[in-house]
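Chemist: Here you go, one structure.
The values are calculated or read from the model by the stated rules, or taken from the named source; none is laboratory data. Since the structure is predicted, the reported quantities are computational estimates derived from the model, not experimental observations. Neighbour counts run over all protein chains shown; Cβ positions are idealised from the backbone, glycine included.
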C-alpha cells in the first residue's frame, strides 16, 4: 500500500484533526463520511489478478473497509506519519505488531511497568507458546536498558508515560540504544496522545495508540492503531495480522472514532490543563502519600517530559493514599462526579484502584505498593472534580 495521502501536511494539528481523511461523499455530496456497514464490495470484472489475502482492493471487510481506511488517513496525519493501520482494539494493535515482528528465538526487551496485556503477552504467552526470549527491564534506567539490549535483540518496546505508574521513558535515548544493537523500537503512546508527543520524531520505528482512549474520547468505541514510516513492514502487518488473524476494526467503530477524533486536540488541551491542576491539588493534600504526574516539577521524569512532551503532560495521574485497599475502594465508590470504572481518556473522569495484592505490584517502585490509585481526568469543570475528590476523601476519614 502506498504512503497515506495527506493534503494538510503543512497545517496545524487542529486542522488535520478536522480535515484529514475527510471528503465529499461521491454518492450524495454530503460533507460527512458515510458509515458503510457492508461486509462485501463489488469485485472487478477481471479476477485474474485479484489476491484474496491482500488489502489493496476493497472486497471483504476483513481485508479492510472504507471507514477503516479513512480513519487510517487521519491517524497517520495526526502523527505526521506515512502510514497507519487501524485495528479492533489497542491490544489488537499491540499483538499485531509483536506477532508480525517476532519469531521463535528472537529477543524482546520490554518494561517492568507496562499495560497488563503487554505483561501477559511477554511474561506468559510469546515466550511459552513461541519460544521468544522476553526480558523485562526498568525503562527509566538507561544503564539497565543498555545491559538488557544486546546485539541480536529484535525488538525493544516501551510505554511513556507508562501504565499505570505514569513513569517517563527517554524515547530518543532508547531509540539510539536499540538501533545501535540492530533492534526495532516500538512505543505505546496512549497516555501521551499525538497532541503531546510524537515518538516517530524522536526515533521510534513504530507507535501504538489505543484509539479507545483519548483519540475517540467518548467511551463508546474500541480501536487501536499502529503508526510508522516503514511501509514494507506495515504491509506485512496487514497481511499477517489483519487479514490472516482477523483483528480488523468494524466499520461502525471506525466511524465512531473518526467522529470523536475531530475534537481530540481541543479535548486533550483541556484535559492537560485540568490534570495539571488536579495533580497540584493532590500534591498538597494530607494523607496523599505520592502523586505521579510528569507535569509536576517534583516528578523525577519532569525535565525529560518537558523535553519530549510538547503541549502538555496527559490526562492520567497516579497517586497514593495512606490507607488500606478496602478504604481506597470506599473512597472511589464515594465519588459523585468521578466515575468508578476502568479505562481512561473518556469525556468523564475515571478512577480505578491498583490493589496491593496485584501480582505485578512488586515490579513497581515501592511507593506504589500501598493505596495506589490511577485517575483519568475528564472534561468536567476542574473545580467540580477537585471538590468531588475532597468530599470523597473526607467521607472515608482522609
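Chemist: Give the residues of the stretch 309-345 that are buried (at least 22 other Cβ atoms within 10 Å of the Cβ) and either closer than 30 Å to residue 261 by Cα or at pLDDT below 95 (or both), sorted by residue number.
Modeler: Of everything in the stretch 309-345, those that are buried (at least 22 other Cβ atoms within 10 Å of the Cβ) and either closer than 30 Å to residue 261 by Cα or at pLDDT below 95 (or both) turn out to be 309, 312, 313, 314, 315, 316, 317, 318, 319, 338, 344, 345.
Chemist: Condition first: closer than 28 Å to residue 18 by Cβ, over 19 Å from the mean Cα position of the chain (by Cα) and at pLDDT below 95. Can you find one or more residues in the stretch 38-49 that meet it?
Modeler: yes
Chemist: Among (1) farther than 12 Å from residue 254 by Cβ; (2) in contact with a helix residue (DSSP H, G or I) (Cβ under 8 Å, 6 or more places away or on another chain); (3) touching a residue at least 40 places away in the same chain (Cβ under 8 Å), where does residue 93 come up short?
Modeler: Against the list (1) farther than 12 Å from residue 254 by Cβ; (2) in contact with a helix residue (DSSP H, G or I) (Cβ under 8 Å, 6 or more places away or on another chain); (3) touching a residue at least 40 places away in the same chain (Cβ under 8 Å), residue 93 comes up short only on (2).
Chemist: So, in the stretch 374-384, how many residues would count as being in contact with a helix residue (DSSP H, G or I) (Cβ under 6 Å, 6 or more places away or on another chain) and assigned to a helix (DSSP H, G or I)?
Modeler: So the answer is 1.
Chemist: Another question, if that's okay. Every residue in the stretch 300-311 that is in contact with a helix residue (DSSP H, G or I) (Cβ under 9 Å, 6 or more places away or on another chain) and without any contact (Cβ under 8 Å) to a residue 40 or more places away in the chain, please.
Modeler: If the condition is that a residue be in contact with a helix residue (DSSP H, G or I) (Cβ under 9 Å, 6 or more places away or on another chain) and without any contact (Cβ under 8 Å) to a residue 40 or more places away in the chain, then 307 is the only one that fits.
Chemist: Okay, moving on. Here are some residues: 260, 223, 219. Which one is farther than 16 Å from residue 101 by Cα and touching a helix residue (DSSP H, G or I) at 6+ places or on another chain (Cβ under 6 Å)?
Modeler: Result: 223 is the single residue among 260, 223, 219 that is farther than 16 Å from residue 101 by Cα and touching a helix residue (DSSP H, G or I) at 6+ places or on another chain (Cβ under 6 Å).
Chemist: Being surrounded by fewer than 22 Cβ atoms within 10 Å (Cβ to Cβ), closer than 29 Å to residue 379 by Cα, in contact with a helix residue (DSSP H, G or I) (Cβ under 8 Å, 6 or more places away or on another chain) and without any contact (Cβ under 8 Å) to a residue 60 or more places away in the chain, is that true of even one residue in the stretch 189-201?
Modeler: There is no residue in the stretch 189-201 that is surrounded by fewer than 22 Cβ atoms within 10 Å (Cβ to Cβ), closer than 29 Å to residue 379 by Cα, in contact with a helix residue (DSSP H, G or I) (Cβ under 8 Å, 6 or more places away or on another chain) and without any contact (Cβ under 8 Å) to a residue 60 or more places away in the chain.
Chemist: Still on this structure, please answer the following. Just for helices (runs of 4 or more DSSP H) wholly inside the stretch 31-142: which have at least 1 residues that are farther than 30 Å from residue 181 by Cα and in the same structural domain as residue 195 (by TED's automatic domain parsing)?
Modeler: Where helices (runs of 4 or more DSSP H) fall fully within the stretch 31-142 and carry at least 1 residues being farther than 30 Å from residue 181 by Cα and in the same structural domain as residue 195 (by TED's automatic domain parsing), they are 66-78.
Chemist: If you go through the stretch 249-289, how many residues are touching a strand residue (DSSP E or B) at 6+ places or on another chain (Cβ under 9 Å), crowded, with 20+ Cβ neighbours inside 10 Å and outside the structural domain of residue 162 (by TED's automatic domain parsing)?
Modeler: Counting residues in the stretch 249-289 that are touching a strand residue (DSSP E or B) at 6+ places or on another chain (Cβ under 9 Å), crowded, with 20+ Cβ neighbours inside 10 Å and outside the structural domain of residue 162 (by TED's automatic domain parsing) gives 5.
Chemist: Hey, can you tell me all the residues within the stretch 1-34 that are surrounded by 15 or more Cβ atoms within 10 Å (Cβ to Cβ) and touching a helix residue (DSSP H, G or I) at 6+ places or on another chain (Cβ under 7 Å)?
Modeler: Matches in the stretch 1-34: 1, 4, 6, 8, 13, 14, 16, 17, 20, 21, 33.
Chemist: Also: Output yes when any residue across the stretch 298-306 is at pLDDT below 95 and surrounded by fewer than 17 Cβ atoms within 10 Å (Cβ to Cβ), and no when none is.
Modeler: Keep residues of the stretch 298-306 that are at pLDDT below 95, which gives none.
Within the stretch 298-306, none of the residues are at pLDDT below 95 and surrounded by fewer than 17 Cβ atoms within 10 Å (Cβ to Cβ).
Chemist: Determine whether the stretch 163-183 contains at least one residue that is in contact with a strand residue (DSSP E or B) (Cβ under 9 Å, 6 or more places away or on another chain) and part of a strand (DSSP E or B).
Modeler: No, every residue in the stretch 163-183 fails to be in contact with a strand residue (DSSP E or B) (Cβ under 9 Å, 6 or more places away or on another chain) and part of a strand (DSSP E or B).
Chemist: Another question, then. Does residue 80 fit the bill of being surrounded by fewer than 21 Cβ atoms within 10 Å (Cβ to Cβ), touching a residue at least 60 places away in the same chain (Cβ under 8 Å) and in contact with a helix residue (DSSP H, G or I) (Cβ under 9 Å, 6 or more places away or on another chain)?
Modeler: yes
Chemist: Another question, if that's okay. Please work out which residue is nearest to the chain's Cα centre (by Cα), limiting yourself to the stretch 200-228 and to residues that are assigned to a loop (DSSP other than H, G, I, E, B) and within 21 Å of residue 63 (Cα to Cα).
Modeler: 211
Chemist: Can you run down the residue pairs with Cβ atoms below 6 Å, 6 or more apart or on separate chains, where the first is in the stretch 28-48 and farther than 18 Å from residue 252 by Cβ and the partner is part of a loop (DSSP other than H, G, I, E, B)?
Modeler: 43/59
Chemist: Follow-up question, since we're still on this one. I'm trying to understand the selection: among the residues of the stretch 312-330, which are in contact (Cβ under 8 Å) with a residue 60 or more places away in the chain and either in a helix (DSSP H, G or I) or within 17 Å of the chain's Cα centre (by Cα) (or both)?
Modeler: Scanning the stretch 312-330 gives 312, 313, 314, 315, 316, 317, 318, 327, 330.
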